[in-house]
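Below: the structure, in structure tokens.
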Amino acid sequence: MIPGARLIILGRQGAGKGTQCVRLSRHFVVPHISTGDMLRSAVREGTPLGKMAKAVMDAGGLVGDDIMVGIVEERLNRDDARTRGYILDGFPRTVGQAHELDRITAGRPIDVVLDLDVPRELVLERISSRRVCRDCGTNYVASGAERTPWICEVCGGDVMQRDDDTPDAINRRLDLYEEQTSPLIEYYGSAGRLVVVDGVGTPDRVFALLTAAVDAARRS
Ligand code: ADP
């Protein structure tokens, strides 16, 4: 049997976390827990959480730590995550969230924190051509030659540009990443829990680097 894994993935918007998480989730047979996907589905369903989160997300801001910690704690306590593990994407995003995650995972600590490193100039380019299936979250790259409506080849859902992939919101999110999320690199790095992986390269190459990093961390 393939052993599960408890992983966190950090990286700028557009670094390729979404694409790599789908593969990592299949490879380690663990759920891909994306706080962004969870919030977007709450927005679509029009739940109280979704109504509150929509304005914050469209402006490129961050949803409050208390709310996010509650959502993640509940999700990590479900059976699949407790037994196999998970790949956590989009959380933690602040040092406060990282402290709370240490508390939540005290009994089952994470194996490794992966930092998917791609320079800011490159992610800006990638995000402006990013399109996403609103139902299953599969990422696509727009060439301008697509038919509309654009239908997802995986699930048949609508492929669209995210509401928060406008230039202003992207820049705001990247600024917030430097301010709030990049301190996590120091937080996990100084605890010896971080592996930085070069995210520039083909998806296959990046995936090979990520799985090698997880295997090495588990052997040590
Ligand atoms: P991106 O990495 O491109 O910003 P995500 O899909 O991870 O996209 O998240 C989309 C939005 O959801 C964020 O810009 C933020 O508003 C909100 N969000 C997601 N995760 C968190 C979190 N851990 N804390 C606060 N807000 C979050």
Taking the conditions exactly as written (over 9 Å from the mean Cα position of the chain (by Cα), free of Cβ contacts under 8 Å to residues at least 40 places away in the same chain and open to solvent by less than 30 Å² (accessible area, probe 1.4 Å)), does LEU49 satisfy them or not? no
Given the structure, is ARG26 surrounded by fewer than 20 Cβ atoms within 10 Å (Cβ to Cβ), more than 15 Å from the chain's Cα centre (by Cα), in a helix (DSSP H, G or I) and modelled with pLDDT under 95? no
Scanning the range 68-89 for residues that are small (Gly, Ala, Ser) and assigned to a helix (DSSP H, G or I), which turns out farthest from the ligand (Cβ to nearest atom)? ALA81
Filtering the range 167-196 for residues that are open to solvent by 30 Å² or more (accessible area, probe 1.4 Å) and away from the ligand (no atom under 12 Å from the Cβ) leaves a count of 17
Go through the range 160-212 and give me each residue that's among the aromatic types (Phe, Trp, Tyr) and within 16 Å of the chain's Cα centre (by Cα). TYR177, PHE207
Identify, please: which residue in the range 156-166 is in contact (Cβ under 8 Å) with a residue 24 or more places away in the chain and part of a loop (DSSP other than H, G, I, E, B) and is, among those, farthest from the ligand (Cβ to nearest atom)? GLY157
Would you tally the residues in the range 29-46 being open to solvent by 30 Å² or more (accessible area, probe 1.4 Å) and aliphatic (A, V, I, L, M)? 3
GLU153 meets each of (1) assigned to a loop (DSSP other than H, G, I, E, B); (2) under 21 Å from ARG44 (Cα atoms); (3) within 16 Å of the ligand (Cβ to nearest atom) with one exception, condition (3)
Taking the range 197-213 as the search range and keeping residues that are in contact (Cβ under 8 Å) with a residue 12 or more places away in the chain and of a type in the set (A, V, I, L, M, F, W, C), which one is surrounded by the fewest Cβ atoms within 10 Å (Cβ to Cβ)? VAL200
Restricting the search to the range 104-150, which residues are aliphatic (A, V, I, L, M), in a loop (DSSP other than H, G, I, E, B) and surrounded by 13 or more Cβ atoms within 10 Å (Cβ to Cβ)? ILE110, VAL118, ALA142
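The values are calculated or read from the model by the stated rules, or taken from the named source; none is laboratory data. Quick caveat, the model's predicted, so the values are computed rather than measured. Glycine gets a Cβ as well: all are built from the backbone with ideal geometry, and neighbour counts include every protein chain shown. Surface accessibility is based on the protein's heavy atoms, side chains included, excluding ligands, DNA and RNA. Shrake-Rupley method; radii C 1.70, N 1.55, O 1.52, S 1.80 Å.
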